[in-house]
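For reference, the structure is listed below as structure tokens.
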Amino acid sequence: MTTSLALEYIPRRMRELGYAQNYYLRFRHLVMQPAEQLELDAYNQIFILVEEPSDVKVQSDFGLYDTTDNQTNEQIYEHQGLIAIENFSKQVNHVRFIQVIPKHKLIAFKIQL
């Protein structure tokens with residue numbers, strides 16, 4: 001997914017989830033060392049993979065992105081929950097995400113005395 005497409009997709013997706021314009025965006029550019037593995041906690045966030053990295057596996061509660069795996073029939077660009085990222089390359093690799101962080105909704109309480 002390109003960055004432009006992701007920036008068009010995100011507002012629609014957040015409206016579907018009931019957040020309208022109540023979210024923050026962060027661009028995340030991960031620089032992964034050869035054979036590095038890392039995990040991101042994104043239980044209340046959405047990470048949109050952009051710029052399609054090669055030799056990288058991204059797996060989360062939403063699905064799998066791994067162009068090295070010939071057994072998968074779909075590549076998932078939207079990730080949430082525990083996100084595991086692995087660089088299969090023998091070189092430094094760059095993985096770019098747009099992180100979508102929903103704002104907490106304020107609930108008004110009426111106190112009666």
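The values are calculated or read from the model by the stated rules, or taken from the named source; none is laboratory data. Small disclaimer: the values here were computed from a predicted structure and weren't measured. Every residue, glycine among them, receives a Cβ derived from its backbone with ideal geometry; neighbour counts consider all protein chains shown. Just the protein is used for accessible areas: all its heavy atoms, side chains included, with ligands, DNA and RNA removed. Shrake-Rupley method; radii C 1.70, N 1.55, O 1.52, S 1.80 Å.
Name the residue that is surrounded by the most Cβ atoms within 10 Å (Cβ to Cβ), counting only residues in the range 1-11 that are closer than 22 Å to Glu74 by Cα and of a type outside the set (Val, Ile, Thr).
First, pick out the residues of the range 1-11 that are closer than 22 Å to Glu74 by Cα: 1-10.
Those left that are additionally of a type outside the set (Val, Ile, Thr): 1, 4-9.
On the way: Met1: 16, Ser4: 9, Leu5: 12, Ala6: 21, Leu7: 13, Glu8: 10, Tyr9: 15.
Here the answer is Ala6.
Screening Ser54 against (1) open to solvent by 30 Å² or more (accessible area, probe 1.4 Å); (2) touching a residue at least 60 places away in the same chain (Cβ under 8 Å) leaves a single unmet condition, (2). A count restricted to the range 40-80 and to residues that are more than 21 Å from Lys90 (Cα to Cα) and among the hydroxyl-bearing types (Ser, Thr, Tyr) stands at 4. Any residue that is of a type in the set (Asp, Glu), loosely packed, with under 14 Cβ neighbours inside 10 Å and not in a helix (DSSP H, G or I) - is there at least one of those in the range 14-32? No. Of all the residues that make up the range 33-51, how many are under 11 Å from the mean Cα position of the chain (by Cα), within 15 Å of Ala84 (Cα to Cα) and open to solvent by less than 70 Å² (accessible area, probe 1.4 Å)? Final tally of qualifying residues: 7.
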